[in-house]
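Please read the structure below before turning to the comments.
The values are calculated or read from the model by the stated rules, or taken from the named source; none is laboratory data. The shown structure was predicted, so the numbers you read here are calculated from the model rather than taken from an experiment. Cβ placement follows ideal geometry from the backbone for every residue including glycine, while neighbour counts extend to all protein chains displayed.
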Amino acid sequence: MGVREAVSGAERAKVVVEGVSKQFTRRGEALPVLADVDLEVHKGEFLCILGPSGCGKSTLLNIIAGFEKPSTGRVTIEGEVVRGPDPRRVFVFQEYGIFPWASVWDNVALGLRRMTDKGEQHDIVQKTIDLVGLSGFERSYPRELSGGMKQRVEVARALAVSPDVIYMDEPFGALDSLTRLTMRSELIRIWESEEKTILFVTHDVDESIQLAERVVVMSARPGRIADIVEVGLPHPRDLGSPEYGRIKNRLYELLGVEHSV
Amino acid sequence: MVWPFVVIAVALVVHGVSRRWPDLVQQIVMPLGVAAIGVALWQIGCDMSGTDIFPTPWDTVLAFGDIIESDRLLGDSIASLYRVTWGFVLATMCAVPVGLVVGWSTRSFWAMNPIIQGLRPISPIAWIPIAILWFGIGDGAGVFLIFLSSFFPICVGTMAGVRNISLVHQRSAANFGVHGFELMRRVVLPGAMPQIITSLRIALGVAWLVIVAAEMVGMDSGLGYLINDARNMGSRYDLVVATMIVIGLIGIVLDLLIRRLETFEEVKWGYVKQ
């Protein structure tokens, strides 16, 4: 953290969310989903957005990624207003956004299809597939892979274009708990080596503490930021440490959940 | 009466064999058994009614010799297949692009869908007078009718396939800057492909039904015409039934051929449960 703190706040900001609110209209009735969200994400930061289901955390991420328009407010990335999705910032979906009709190789190569240097393209695709541990499955199709492997393909597809920012919407939600743990530690390994800015939406308190540098806790109806909690523990994180327990208590308290059952 | 004992004996044998070779029984012995029962009922029906017009199974076998010898079978089969092939291929070439565009673009969906849904329920058979008016008696009318009967199932199936493409795939494509023609080729077409293939299968089945009817009414060659001809020339119902069997067999072969499309790696995902 030392070096990063030396840089001033304005320079560090990568993604800036200013006064964003969102409402849907259902049967002529306005339904507020997000109210007045302000947020700054630092360059190279791993930020988790934590909240109960229905708190608008996915909507917030979709607005930041440019898939949905905010009702009020705006999102800027390095000073540039977000008007739609952009290949420099890649979204990893929970329900497998990879194409089932394309092989692992073709899925990972999607963002590199316009590269003229085919040799270099080949090297990047192979390197990325190796990075997520899918060597040997290049010619496989998604339906032949397990849930965890499909999610690795999606992460590889995102990494292949070396994006500045990766958005992840509960990417490991559909996986079993052991696979989820493995995927988390691999994601941290990749984040540490590739220095990406990652915005990660989850409803899992442990997941947010294991991954994030800062956890943005949201409350529901309409969704707003309850507080932002610094984790500040070095990786690999000790799940049994008193500091971990303290943060966990704080997050549960913010979520308003009684967790000592 | 010996029959009850024969039936019981056969049942016992089948039961015994099915325990030892269950696959063999399920896939070969049972279907053949059902077919044999069907043929037996056919024969019994002929015997009991004492008909001299409707052919027995054996009459039908002999009739195959007649139609093969007269060179009609091959020529008429080719005539029917020719019309179906051209009508079907032309319909596919038109219906798939139209379905892709109309399914994808909301604006063209609103513009085109009512017309498509309005024309779709009109039986291709109802078009026969118009087909003959425009193309005369011959291949042109047949190709036109098959085009019509194939176009709507393929177009509607393609539209449905496109509209079923999941939001995450659309967003993935948008995220990686896939637009325009490339979007059609890389996402919309492959995403709709399993349903397109299903609609091709349905359309080909319908086409094979329609061509026989069309040839019976408004053409002077083809398997449908052969059936009509056989009846008109001295009530040769043995030839009628033999031709019907040929029509059924060709239909099965056509379906088997088009089902090969379902085995490609690019579309298998659409047919297996995830």
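Every residue in region B:39-87 that is surrounded by 15 or more Cβ atoms within 10 Å (Cβ to Cβ), over 19 Å from residue B:210 (Cα atoms) and of a type in the set (Ser, Thr, Tyr), please.
Start the filter on region B:39-87 by keeping residues that are surrounded by 15 or more Cβ atoms within 10 Å (Cβ to Cβ), which leaves B:42, B:46, B:54-56, B:59-60, B:63-64, B:66-67, B:72-73, B:76-77, B:79-87.
Keeping just the survivors that are over 19 Å from residue B:210 (Cα atoms) gives B:42, B:46, B:54-56, B:59-60, B:63-64, B:66-67, B:72.
Listed by number, the residues that qualify are B:56, B:60.
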Hey, does region B:250-269 have a residue that's of a type in the set (Val, Ile, Thr), away from chain A (no Cβ under 14 Å) and free of Cβ contacts under 8 Å to residues at least 12 places away in the same chain? yes
Of the residues that make up region A:149-156, is at least one assigned to a helix (DSSP H, G or I), surrounded by 15 or more Cβ atoms within 10 Å (Cβ to Cβ) and touching a Gly at 6+ places or on another chain (Cβ under 8 Å)? yes
Scan region A:83-122 for residues that are farther than 23 Å from residue A:136 by Cβ and not in a loop (DSSP other than H, G, I, E, B) and jot them down. A:86, A:89, A:90, A:91
Looking at the structure I just gave you, is residue B:116 more than 18 Å from the chain's Cα centre (by Cα) and either under 22 Å from residue B:225 (Cβ atoms) or surrounded by fewer than 16 Cβ atoms within 10 Å (Cβ to Cβ) (or both)? no
If you go through region A:140-155 one residue at a time, do you hit one that is farther than 22 Å from residue B:171 by Cβ and of a type in the set (A, V, I, L, M, F, W, C)? no
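Please indicate, with yes or no, whether at least one residue in region A:25-47 is assigned to a loop (DSSP other than H, G, I, E, B), within 14 Å of chain B (Cβ to nearest Cβ) and farther than 30 Å from residue A:256 by Cα. If you could, list the steps in order and put the result at the bottom.
Step one: list which residues in region A:25-47 are assigned to a loop (DSSP other than H, G, I, E, B), which gives A:27-28, A:43-45.
Filter again for within 14 Å of chain B (Cβ to nearest Cβ), leaving none.
No, there is no match, as no residue in region A:25-47 is assigned to a loop (DSSP other than H, G, I, E, B), within 14 Å of chain B (Cβ to nearest Cβ) and farther than 30 Å from residue A:256 by Cα.
Condition first: of a type in the set (Phe, Trp, Tyr) and either at the interface with another protein chain (Cβ under 10 Å from one of its Cβ atoms) or under 25 Å from residue B:265 (Cβ atoms) (or both). Now tell me which residues in region A:126-178 satisfy that.
First, the residues of region A:126-178 that are of a type in the set (Phe, Trp, Tyr): A:137, A:141, A:167, A:172.
Matches in region A:126-178: A:137, A:141, A:167.
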Which number in (1) more than 14 Å from chain A (Cβ to nearest Cβ); (2) over 25 Å from the mean Cα position of the chain (by Cα); (3) of a type in the set (Ser, Thr, Tyr) marks the one condition that residue B:166 misses? (1)
I want to confirm something. Restricting to region B:123-178 and keeping residues that are without any contact (Cβ under 8 Å) to a residue 40 or more places away in the chain and not in a helix (DSSP H, G or I), which single residue is nearest to residue B:79 (Cα to Cα)? B:136
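Regarding residue A:75, is this residue touching a residue at least 60 places away in the same chain (Cβ under 8 Å), hydrophobic (A, V, I, L, M, F, W, C), crowded, with 16+ Cβ neighbours inside 10 Å and touching a helix residue (DSSP H, G or I) at 6+ places or on another chain (Cβ under 7 Å)?
When the stated conditions are applied, residue A:75 passes them.
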Can you tell me which residue among A:64, A:98 is touching a Leu at 6+ places or on another chain (Cβ under 7 Å) and either within 25 Å of residue B:179 (Cβ to Cβ) or acidic (Asp, Glu) (or both)? A:64
Could you please find all residues in region B:164-177 being within 19 Å of residue B:269 (Cβ to Cβ) and buried (at least 21 other Cβ atoms within 10 Å of the Cβ)? B:169, B:172, B:173
Restricting attention to region B:169-215, which residues are at negative phi and in contact with a strand residue (DSSP E or B) (Cβ under 9 Å, 6 or more places away or on another chain)? B:171, B:172, B:175, B:176
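Taking the condition without any contact (Cβ under 8 Å) to a residue 60 or more places away in the chain, of a type in the set (Ser, Thr, Tyr) and not assigned by TED's automatic domain parsing to the domain that holds residue B:240, does residue B:56 pass?
Details: without any contact (Cβ under 8 Å) to a residue 60 or more places away in the chain: yes; of a type in the set (Ser, Thr, Tyr): yes; not assigned by TED's automatic domain parsing to the domain that holds residue B:240: yes.
It is true that residue B:56 is without any contact (Cβ under 8 Å) to a residue 60 or more places away in the chain, of a type in the set (Ser, Thr, Tyr) and not assigned by TED's automatic domain parsing to the domain that holds residue B:240.
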In the set A:195, A:138, the lone residue that is at positive phi and of a type in the set (Asp, Glu) is A:195
Under 6 Å between Cβ atoms, at least 6 apart or on separate chains: pull out the pairs that start in region A:159-186 with a residue that is β-branched (Val, Ile, Thr) and end on any residue that is part of a helix (DSSP H, G or I). A:161/A:111; A:166/A:158; A:179/A:148
Of the criteria (1) without any contact (Cβ under 8 Å) to a residue 12 or more places away in the chain; (2) more than 25 Å from residue A:62 (Cα to Cα); (3) within 14 Å of chain B (Cβ to nearest Cβ), which one residue A:113 fails: (2)
Can you tell which of A:55, A:48 is modelled with pLDDT of 90 or more and surrounded by 20 or more Cβ atoms within 10 Å (Cβ to Cβ)? A:48
